[in-house]
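The values are calculated or read from the model by the stated rules, or taken from the named source; none is laboratory data. As the structure is a computational prediction, the values presented were derived from the model and not from experiment. A quick note on method: Cβ atoms are made from the backbone with ideal geometry, for glycine too, and the neighbour counts reach across all protein chains shown. These area figures cover heavy atoms from the full protein model, side chains too; ligands, DNA and RNA do not enter into them. Shrake-Rupley method; radii C 1.70, N 1.55, O 1.52, S 1.80 Å.
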Amino acid sequence: MPAIPYINKPIVTARDAIASHVRWKITLLMATRMREPLSERATRSIQHPNECSIRQWLLSCHSLRLRRTPEYLAALDRHAAFHREMQTIAGLINSGEFATAERLLRTPGSFETASIAVANAIMALERISTVKFAS
């Protein structure tokens, strides 16, 4: 049986979510470097955060124990904020403004801030799941 491509693997843990987050950043950077627009699938996922695998994980049974914690609510908020930043970058990429998109990806600013914030929020979920909910 062939291996499942990493983009189709479900997110089950916070570490999976971080890996997915990193892959998104790489996808955006590669699009700027290769001077190619994003795929229709990638663009749709960026434009519709509820269809994003990280958001689906946050709403799945895998995060049930974490709901109603401040960390969980922060992760939902930070994820939405990151998508707003990605939408800006994706719009630039898809309109051929690759240099501007790459500059925004590589320099300190709102994209980097949102990216770090969502990664920290996801890792906070990992920490509380091992501390609060350890058996």
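Look at PRO37 and say whether it is outside any helix (DSSP H, G or I) and within 19 Å of ARG106 (Cα to Cα). Full working, then the answer.
Values: outside any helix (DSSP H, G or I): yes; within 19 Å of ARG106 (Cα to Cα): yes.
Here the answer is yes, as PRO37 does meet what is asked.
In the stretch 18-41, the residues that are more than 16 Å from THR88 (Cα to Cα) form Cβ pairs under 8 Å with partners that are open to solvent by less than 40 Å² (accessible area, probe 1.4 Å) and assigned to a loop (DSSP other than H, G, I, E, B), at six or more places apart or across chains, as follows: SER20/ILE11.
Take SER135 and tell me if it is modelled with pLDDT under 95 and not in a helix (DSSP H, G or I). In short, yes. The residues of the stretch 70-121 that are touching a Pro at 6+ places or on another chain (Cβ under 8 Å), closer than 21 Å to ASP16 by Cα and crowded, with 21+ Cβ neighbours inside 10 Å, listed by number, are HIS79, HIS83. Summed over the stretch 28-42, the residues that are closer than 22 Å to ALA117 by Cα and either modelled with pLDDT under 95 or among the charged types (D, E, K, R) (or both) give a count of 1.
Listed here are the residues, each with its yes/no results for (1) within 12 Å of the chain's Cα centre (by Cα); (2) among the basic types (Lys, Arg); (3) over 29 Å from GLU126 (Cβ atoms).
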residue: THR32; (1), (2), (3): no, no, yes
residue: ARG41; (1), (2), (3): no, yes, no
residue: GLU51; (1), (2), (3): yes, no, no
residue: TRP57; (1), (2), (3): yes, no, no
residue: HIS83; (1), (2), (3): yes, no, no
residue: GLY91; (1), (2), (3): no, no, yes
residue: SER95; (1), (2), (3): no, no, yes
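Here is a yes/no grid of residues against (1) in a helix (DSSP H, G or I); (2) hydroxyl-bearing (Ser, Thr, Tyr); (3) modelled with pLDDT of 95 or more:
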{"residue": "TRP24", "(1), (2), (3)": "yes, no, no"}
{"residue": "ASN50", "(1), (2), (3)": "yes, no, no"}
{"residue": "ARG55", "(1), (2), (3)": "yes, no, no"}
{"residue": "SER63", "(1), (2), (3)": "yes, yes, no"}
{"residue": "ALA81", "(1), (2), (3)": "yes, no, yes"}
{"residue": "ARG84", "(1), (2), (3)": "yes, no, yes"}
{"residue": "ILE89", "(1), (2), (3)": "yes, no, yes"}
{"residue": "GLU102", "(1), (2), (3)": "yes, no, yes"}
{"residue": "LEU105", "(1), (2), (3)": "yes, no, yes"}
